[in-house]
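Data block below; observations after.
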Amino acid sequence: MMLPRTFRVDYDHVTSVVCVVGAGLNVHLNRSAPPGSEFFSVKSTATVQYSISPRTQETSHLSPIPLKGNSALLIRMSRASDYENDGKLSIQYYGEKKDVLGRVLLHLTAVEISLDVDADRDGVVEKNNANKGSWKWGSNGHGAILLVNCDSERMFLKKPDSEQDQVSKVSDLKDMSLMVLRTKGPAKLPEGYKLTMHISQGDAESVRVFRARSSGVESNSMQKLWFNLFVKEYPLVLSNEVLSQEVPYLGGVSEMKFYVEGLRFPDKDFDGLININLSLLEPISDGLPETPIFTDTAVFRVAPWIMTPNTLQPVEVFVCCTSDNYQFLKGMRNLITKSGYKLKICHEYMNRGDRWMQDELEFGYIDSPHHRFPVVLDSPRDRGLKDFPYDELLGPDFGYVTRVAQREDVSSLDSFGNLEVSPPVTVNGKNYPLGRILIGVAFPTATKGRNMTKVVQDFLWAQKVQEPVALFSDWLLVGHIDEFMSFVPASDRKGFRLLLASPDAGYKLFRGLQRDGHGQAKLFEGLKDEEQQTVDEILNDKGLAAENNYVQRCIDWNRDVLKRELGLDDEDIIDLPILFKLVMEENDNNKAETELRAVAYYPDMVNMIVLGKNLGIPKPFGPKVNGRCALEVEMCSLMEGLGLSCTFIDDFASYHKQLGEVHCGSNVRREPFDFKWWNLEM
């Protein structure tokens, strides 16, 4: 029940007023009474309901009732008016001797007004949902959802729809949220009354509202075609330049459709909530502004951008073609064909020599009860692939978003090999059904070092539904977390395993080979221009051992963070035998300074591509025992126990030597989660 509004009346005047069904008028009787009034009486037509407070013992309000200082009359209309002024109510005031001192006459016109949205998130815009004006998370929550209209319906005009000046095609409407203005009442409003839709200045940068001029345009295919050509049938109602606009009152029983368009994702300066208001304005007199007598509000939350982990089903795989990666592409083609997924190749005219598909972009999606589509997040690294996400991926039902940073703030840690997401986890009783985002940064106590740029971190935190975890990756030369960790699916325990690079596991494997008489077995055998190393030489290199002791400590620090923040046990983690070495590199921020940072000693097997139960793993070129690479044998033993199949891909010359591996050179778009983000308990 809506709160009544205070209404002022004058005696010896006929006052016409519009009221909204469900919203009452509160008349303070003493304020409107003639001087000397001691009593009053009330009568009305059948459609006008009223009550008197304080409550009176009188059997009939037609008889004079004592007038007190707090006497009030609450007036409501039981239904919408058929015509103007069809409700009547009179108040008569009496003196001490019950002589008539004055009379108030009200002519009332009632309308039903409801600004409706899909507040219960079932894909249907229900009428006047009691919770449409607020947002609540959870399976028992409420509140409408808005998509950022970041795809592009018109392929010939490469531009996100949210940046277009108008509705470009009728198909664009499915990316927006339907809002319906339902009214019922006389054929027209009394003179001077009008309906306006309005938003705040703060919301104006985040939303636009379009109106459908004609009802039912979606129902007729010929009309659809016509409206595709004449998009003016969807005039812009609200935007950052138009905060308030009158909307038509159609009369009778009417519905008017509006389409609400999200313009930007939640971010540091935007919590994702938007209010859209519909007000009925009442005229005062010529030259004076109207006053609002009723306001209905609909609240939307902008859908967050959601990342997809390795455990979700792949849809298509993206790799680059360069002049020197034929061997890599051959291995990837075989793996992807065997796995049954689509392969998209970015050719040299587009990648301009940049082979690091993982680093340029991250695939995610946005979702609502009525529609969802993939959205690519473009990193601020902006190397040869910088135009690929926009030019090649943006299109109908494929969105695009980026965050622009100052060039001096961008480092290698802003590449998206440094951005991953876990599978769903439960941590100390708190569920993360969409997993948790993982990013690499500098060590917390470091006074200098590289970090993912703030604008990207702010964006990731603002999405809320995959609360980020910061890991320490600045110890690596490239600085990406995919150099020491990955996730693979599993049918037991938590449904996955965390894979961690482990120098300790590497030394354990090599010592076992040495013990079994294979100390002269060689790494890098068969590789041109690569100095071969025996197992004995590696184990005798005290400097290398010291470097890997340091690396293991860095990984163990991250191991503890991951166990704590993802709720993992040691049984959920598999250590992979991978060695590193430290190299001298110039500091990104100060070219006069140099620092020791780590790179993989041989192809980094944790840096893999996960395609369902098939793994594409960098071929490590480890020491051979009985004709088989000991590192491959160990890797197969660890993974096949989980029901996973290992395919080793030769990326040595074209990727490993350039400080990357299979995962760095590929990217996977995956199916969305079945879990709906709005059901998350916050």
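With each label point set 7 Å from Cα along the Cα-Cβ vector, what nm distance links residue 324 and residue 531?
About 2.0 nm separates the two model spin labels.
In whole angstrom, note down how far apart the Cα centers of the range 127-175 and the range 436-486 are.
31
Please report, in debye to the nearest 20, how large the charge dipole of the range 376-493 is about its Cα centre when each Lys and Arg carries +1 at its beta carbon and each Asp and Glu carries -1 there.
Here the size comes out at about 440 debye.
Extending each Cα 7 Å along its Cβ direction at residue 504 and residue 26, get the distance between those two points in nm, one decimal.
7.0
For the chain, with the dipole built from +1 on Lys and Arg beta-carbon atoms and -1 on Asp and Glu ones, taken about the Cα centre, which of 501, 235, 438 lies farthest toward the positive end?
235
Listing 11, 602 from the residue with the fewest other Cβ atoms within 10 Å to the one with the most, what is the order?
11, 602
Grab the DSSP H runs of the chain that are 4 residues or longer, score each as -39,500 (n - 2.57), total them, divide by all residues and round the 222 nm result to the nearest 500 deg cm²/dmol.
The helix-only estimate for the chain comes to -4000 deg cm²/dmol at 222 nm.
How large is ³J(HN,Hα) for each residue in the range 141-152, as worked out from phi by the Karplus curve 6.51 cos²θ - 1.76 cosθ + 1.60 (θ = phi - 60°), to whole Hz, x for Gly and Pro?
Karplus-based 3J(HN,Hα) across the range 141-152 equals x, 7, x, 6, 10, 10, 8, 6, 7, 9, 8, 9 Hz.
Quick query: amide H of residue 65 versus all other amide H atoms, modeled in the peptide plane; which residues come in under 5 Å with a sequence gap of 5 or more or a different chain?
40, 41
With the dipole of the chain worked out from charges on the C-beta (+1 for Lys and Arg, -1 for Asp and Glu) around the Cα centre, which of 289, 476, 599 lies farthest toward the positive end?
Positive-most Cα among the choices belongs to 289.
Show me, for the range 313-330, the HN-Hα J-couplings you get by feeding each phi into the Karplus relation (A = 6.51, B = -1.76, C = 1.60, θ = phi - 60°), rounded to Hz, glycine and proline as x.
For the range 313-330, the Karplus-derived couplings read 5, x, 10, 8, 10, 10, 9, 9, 9, 10, 5, 10, 10, 4, 4, 5, 4, 4 Hz, x marking Gly and Pro.
Going by how many other beta carbons lie within 10 Å of each one, how would you line up 182, 669, fewest first?
182, 669
With the calculation restricted to Cα positions, what are the radius of gyration and Dmax of the range 27-152 in angstrom?
According to the Cα coordinates of the range 27-152, Rg and Dmax are 22.4, 78 Å.
Classify the range 306-679 from the C-alpha gyration tensor, please: rounded if a/c falls under 1.5, else prolate or oblate depending on whether a/b exceeds b/c.
Since a/c stays below 1.5, the shape of the range 306-679 is classed as rounded.
Please compute the net charge surrounding residue 313, taking Lys and Arg as +1 and Asp and Glu as -1 over other residues with Cβ under 12 Å from its Cβ.
0
Quick one: of the DSSP bridges fully inside the chain, what percent are antiparallel, nearest 5?
Rounded to the nearest five, the antiparallel share is 75 percent.
For a footprinting-style exposure proxy, rank 40, 652 by other Cβ within 10 Å, fewest first.
Fewest-to-most ranking of 40, 652: 652, 40.
Counting other C-beta atoms within 10 Å, and keeping those with at most 12, which DSSP coil GluC sites (Glu not before Pro) do you find in the range 47-102?
96
Which of the three applies to the chain, rounded, prolate or oblate, going by the alpha-carbon gyration tensor with a ≥ b ≥ c and a/c under 1.5 meaning rounded?
Here the chain falls in the prolate category.
For the range 345-362, what does the Karplus curve 6.51 cos²θ - 1.76 cosθ + 1.60, with θ = phi - 60°, yield as ³J(HN,Hα) per residue in whole Hz, taken in order and with x for Gly and Pro?
Those phi angles translate into 9, 8, 7, 5, 4, 9, 7, 6, x, 8, 9, 8, 4, 5, 6, 7, 8, 9 Hz.
Give me, ordered by chain and number, the residues 5 or more places off residue 294 or on other chains with an amide H under 5 Å from its own placed amide H.
280
What's the local net charge at residue 248, with K and R +1, D and E -1, over the other residues with C-beta under 11 Å away?
Taking every Cβ under 11 Å from that of residue 248, the sum is +3.
Below 8 Å between Cα atoms, with a sequence gap of 6+, how large is the relative contact order for the range 244-365 in percent?
Once normalised by length, the contact order is 21 percent.
If I take every Cα pair under 8 Å that is 6 or more residues apart in the chain, average their sequence separation and divide by the length, what percent do I get for the relative contact order?
11
Might you report the magnitude of the Cβ-based charge dipole of the chain about its Cα centre, with Lys and Arg at +1 and Asp and Glu at -1, to the nearest 20 debye?
Computed about the Cα centre, the dipole is about 1860 debye.
Which one, 248, 304, 52, is farthest towards the positive end of the dipole of the chain when Lys and Arg carry +1 and Asp and Glu -1 on their Cβ?
Toward the positive end, the furthest listed residue is 52.
Within a Cβ distance under 9 Å of residue 385, other residues only, what is the Lys/Arg minus Asp/Glu net charge?
Local charge sum for residue 385: 0.
With only Lys, Arg, Asp and Glu charged, each at its Cβ (+1 for the first two, -1 for the last two), find how big the charge dipole of the range 100-222 is about the Cα centre; round to the nearest 20 debye.
480
Any read-out appearing in this document is the output of simple, stated calculations on the displayed coordinates, not a laboratory observation. Source: prediction; values computed, not measured. In this analysis, Cβ positions are derived from the backbone assuming ideal geometry, glycine residues included, and neighbour counts consider all displayed protein chains.
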